[in-house]
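The values are calculated or read from the model by the stated rules, or taken from the named source; none is laboratory data. As the structure is a computational prediction, the values presented were derived from the model and not from experiment. Glycine also receives a Cβ, built like all others from the backbone with ideal geometry; neighbour counts cover every protein chain displayed.
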Amino acid sequence: MKNFINFTKRFLIVVILFSFFVFISAISYVNAVSEDIASSVFRLHVIANSDSDEDQSLKYKVRDSVLEYMNEIAKDCTSKEEVITLANEYQDEFKRIAKQVIQENGYNYDVTISIGNFEFPTKTYGDISLPAGNYDALRIEIGEAKGQNWWCVMFPPLCFVDVSSGVVPDESKEIMQENLGEEEYSIISDNESGDIQFKFSLIEFFKNISFAKN
């Protein structure tokens, strides 16, 4: 009986240590993959003044004007760093464009432009899915910025993806693939493999725990 109790204790210790090892390994994997994905992506985040239909409509008009301008000045960019450099350089112009759209639509809201690292939920763009996490982004806050927000990926260029079609242009995929490792790219682009889906779910699980703590 004593030998059985000792064996059980040892077995439980091994199980606990193994579980701890698996948990730590999973966290390390999630952090490494998430950081690699985030390091290759620059996003746009637009927050409306309120949830009224008028303010939400205005948000999209500001978005369209900013994206049109950004697409023009960043059309030859091949890396996230280049896009961020341009975004920093043209912050005042983004603000001018946003305020012009607001005033043309009969409002007098102020606009706050910032470039930083922000939390984002899971988001799907056509057949590309980005897991929840912290991403570098250009944030545009309209007025009191208490309304629903809108986000997309400025680099690689996914902002103009027709989500209803479920397809991201090959050019955008090529840029993303060039800036990501094979493992990371498969995680955000392969929606059919059970193994890849498990990895994506694993990232989501640990990121949601992290957000809950914050």
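Taking the stretch 116-147 as the search range and keeping residues that are under 27 Å from D53 (Cβ atoms) and of a type in the set (V, I, T), which one is farthest from the chain's Cα centre (by Cα)?
Filtering first and then ranking leaves I142.
In the stretch 82-103, which residues are acidic (D, E) and exposed (fewer than 13 other Cβ atoms within 10 Å of the Cβ)? Walk me through it before giving the result.
Initially, the stretch 82-103 is screened for residues acidic (D, E), giving 82, 89, 92-93.
Once the filter is applied, which keeps residues that are acidic (D, E) and exposed (fewer than 13 other Cβ atoms within 10 Å of the Cβ), the stretch 82-103 yields E89, D92.
Okay, residues lined up against (1) at pLDDT 80 or above; (2) loosely packed, with under 14 Cβ neighbours inside 10 Å; (3) part of a strand (DSSP E or B):
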| position | (1), (2), (3) |
| --- | --- |
| Y135 | yes, no, yes |
| R139 | yes, no, yes |
| E144 | yes, yes, no |
| K173 | no, no, no |
| M176 | no, no, no |
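Out of the stretch 53-102, which residues are among the polar types (S, T, N, Q) and within 20 Å of W151 (Cβ to Cβ)?
Quick first cut of the stretch 53-102, residues among the polar types (S, T, N, Q) only: 56-57, 65, 71, 78-79, 85, 88, 91, 100.
Matches in the stretch 53-102: Q56, S57, S65, N71, N88, Q91.
State which residue is nearest to Q91 (Cα to Cα) when the search covers only the stretch 47-60 and only residues that are part of a helix (DSSP H, G or I) and more than 22 Å from the chain's Cα centre (by Cα).
Of all residues in the stretch 47-60, those part of a helix (DSSP H, G or I) come to 53-60.
Retained after the next criterion (residues that are more than 22 Å from the chain's Cα centre (by Cα)): 53-55, 57-58.
Numbers: D53: 27, E54: 25, D55: 22, S57: 23, L58: 20 Å.
Across the stretch 47-60, the extreme among qualifying residues is L58.
Quick check on my filter: what residues within the stretch 61-85 are assigned to a helix (DSSP H, G or I) and either among the aromatic types (F, W, Y) or farther than 20 Å from V101 by Cβ (or both)? So that I can check it myself, show each step before the final result.
Applying the first criterion (assigned to a helix (DSSP H, G or I)) to the stretch 61-85 yields 61-73, 80-85.
Result: Y69, K80, E81, E82, V83, I84, T85.
Taking interchain pairs and intrachain pairs at least six residues apart, which have beta carbon atoms under 6 angstrom, with the first residue in the stretch 89-103 and in contact (Cβ under 8 Å) with a residue 60 or more places away in the chain and farther than 16 Å from A74 by Cβ and the second part of a helix (DSSP H, G or I) and of a type in the set (A, V, I, L, M, F, W, C)?
Correct list of pairs: empty, since none qualify.
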